[in-house]
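The values are calculated or read from the model by the stated rules, or taken from the named source; none is laboratory data. Predicted model, so just to flag it, every value in this text is computed and none were measured. Here the Cβ positions follow ideal geometry from the backbone for every residue, glycine too, while neighbour counts run over all protein chains shown. For the accessible areas, the whole protein counts, side chains as well, though only heavy atoms, and no ligand, DNA or RNA atoms are used. Shrake-Rupley method; radii C 1.70, N 1.55, O 1.52, S 1.80 Å.
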Amino acid sequence: VIVEGLLTTINADGSVNLAPMGPKWDPAGEQLLLRPYQTSTSFANLVRSRRGIFHITDDVELLARAAIARIAPPPPMTPLGPDLGWVLDDCCRWHAFRVDAIDDRQPRAEISVTIVDSGRRRDFLGFNRARHAVLEAAILATRVHLLPADEILAEFDRLLVPVQKTGDPPEARALEMLRQHVLAAIGRPLGAASH
Ligand SMILES: Cc1cc2nc3c(=O)[nH]c(=O)nc-3n(C[C@H](O)[C@H](O)[C@H](O)COP(=O)(O)O)c2cc1C
């Protein structure tokens with residue numbers, strides 16, 4: 001099963017990189033299969049340090065911010081130990097892992113990892129349509145260079161419906177932030193209606 005979450009990795013200068021990532025999860029075991037594009041900072045960091053921490057979270061606003069690298073101020077994090085990586089203070093679960101094998105034959109690499117330490121902070125509250133819509137919007141925002149602008153904006157219009165119906169302020173803020181990011185990336189006036 002693919003689980004969308006947040007990955008922290010260690011940059012070359014020792015600082016932390018935060019990125020949404022959707023690894024394949026082996027619920028029976030201690031293994032994850034991460035699939036980062038080789039162009040991503042996460043990939044470079046995993047190759048270099050061979051460590052990372054994957055977080056299960058329901059904080060889609062943070063996930064949206066990380067997707068477009070708008071994470072100032074950074075969320076509170078705690079170091080797990082020297083060179084072991086950083087745990088998001090506010091998450092549902094975290095899983096620290098070490099890299100076992102890297103397959104870089106495709107642009108989207110496959111990195112098998114083994115979980116070496118885990119922690120639980122709080123329950124995952126449950127499904128709602130608005131949070132799923134923000135996840136979809138965050139994916140779209142990372143693909144502005146790949147998809148036709150009108151298609152992306154039409155999707156944003158569609159995703160606004162579940163966010164308005166079932167979302168709270170964090171989901172509404174996240175969707176609007178992502179929409180502004182997309183408008184800027186495709187060179188449309190900020191604040192413009194998307195249709
Ligand atoms: C829900 C979600 C899941 C994602 N899963 C992946 C993934 O599995 N692999 C990947 O390369 N990018 C994935 N992305 C896109 C990356 O998060 C995005 O390209 C990000 O800018 C990479 O950050 P980095 O360069 O700091 O690693 C995902 C984005 C979202 C919103």
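The residues of the stretch 127-150 include none that are at pLDDT 95 or above and more than 20 Å from the chain's Cα centre (by Cα).
Here the condition is being touching a residue at least 60 places away in the same chain (Cβ under 8 Å) and not polar (S, T, N, Q); of I71, I10, it holds for I10 alone. Filter the stretch 103-126 down to residues that are more than 16 Å from the ligand (Cβ to nearest atom) and either part of a strand (DSSP E or B) or touching a helix residue (DSSP H, G or I) at 6+ places or on another chain (Cβ under 6 Å) (or both) and give me whichever is most open to solvent (accessible area, probe 1.4 Å). Filtering first and then ranking leaves R120.
The number of residues in the stretch 71-110 that are within 22 Å of L34 (Cα to Cα) and among the polar types (S, T, N, Q) comes to 1. Note on the stretch 1-28: among residues that are within 10 Å of the ligand (Cβ to nearest atom) and charged (D, E, K, R), the one that is nearest to R50 (Cα to Cα) is K24. Within the stretch 129-141, the residues that satisfy the criterion of being in contact (Cβ under 8 Å) with a residue 24 or more places away in the chain and open to solvent by 60 Å² or more (accessible area, probe 1.4 Å) are R129, H132, I139.
Taken over the stretch 72-96, the criterion of being among the aliphatic types (A, V, I, L, M) and either open to solvent by less than 70 Å² (accessible area, probe 1.4 Å) or part of a strand (DSSP E or B) (or both) is satisfied by M77, L80, L84, V87, L88, A96.
Can you tell me which residue among D100, D168, D157 is within 30 Å of L84 (Cβ to Cβ) and either at pLDDT 95 or above or hydrophobic (A, V, I, L, M, F, W, C) (or both)? Give the steps one after another, and end with the answer.
Details: D168 fails: within 30 Å of L84 (Cβ to Cβ); D157 fails: within 30 Å of L84 (Cβ to Cβ).
On inspection, the qualifying residue turns out to be D100.
Could you tell me whether the stretch 65-86 includes any residue that is more than 21 Å from F124 (Cα to Cα), near the ligand (Cβ under 10 Å from one of its atoms) and touching a strand residue (DSSP E or B) at 6+ places or on another chain (Cβ under 8 Å)? Checked against the condition, which is being more than 21 Å from F124 (Cα to Cα), near the ligand (Cβ under 10 Å from one of its atoms) and touching a strand residue (DSSP E or B) at 6+ places or on another chain (Cβ under 8 Å), the stretch 65-86 yields at least one hit.
Inspect the stretch 126-138 for any residue being under 19 Å from G22 (Cβ atoms) and among the acidic types (D, E) and give the result as yes or no. Yes, the stretch 126-138 contains at least one residue that is under 19 Å from G22 (Cβ atoms) and among the acidic types (D, E). Applying the condition of being in contact (Cβ under 8 Å) with a residue 60 or more places away in the chain and under 17 Å from G85 (Cβ atoms) to the stretch 29-50 and asking which residue is nearest to the ligand (Cβ to nearest atom) yields P36.
Taking first residues from the stretch 181-195 that are aliphatic (A, V, I, L, M) and partners that are assigned to a loop (DSSP other than H, G, I, E, B) and at pLDDT 80 or above, the Cβ contacts under 6 Å between residues at least 6 apart in sequence or on separate chains come to V182/V144; A185/V144. For the stretch 26-52, the candidate set comprises residues that are in a loop (DSSP other than H, G, I, E, B) and among the basic types (K, R); within that set, the residue that is least open to solvent (accessible area, probe 1.4 Å) is R35. Of all residues in the stretch 153-174, those satisfying the criterion of being open to solvent by less than 10 Å² (accessible area, probe 1.4 Å) and closer than 17 Å to P20 by Cβ are L159, E171, A174.
In summary, D89 fulfils each of the numbered conditions (1) more than 18 Å from the chain's Cα centre (by Cα); (2) modelled with pLDDT of 95 or more with the single exception of condition (1).
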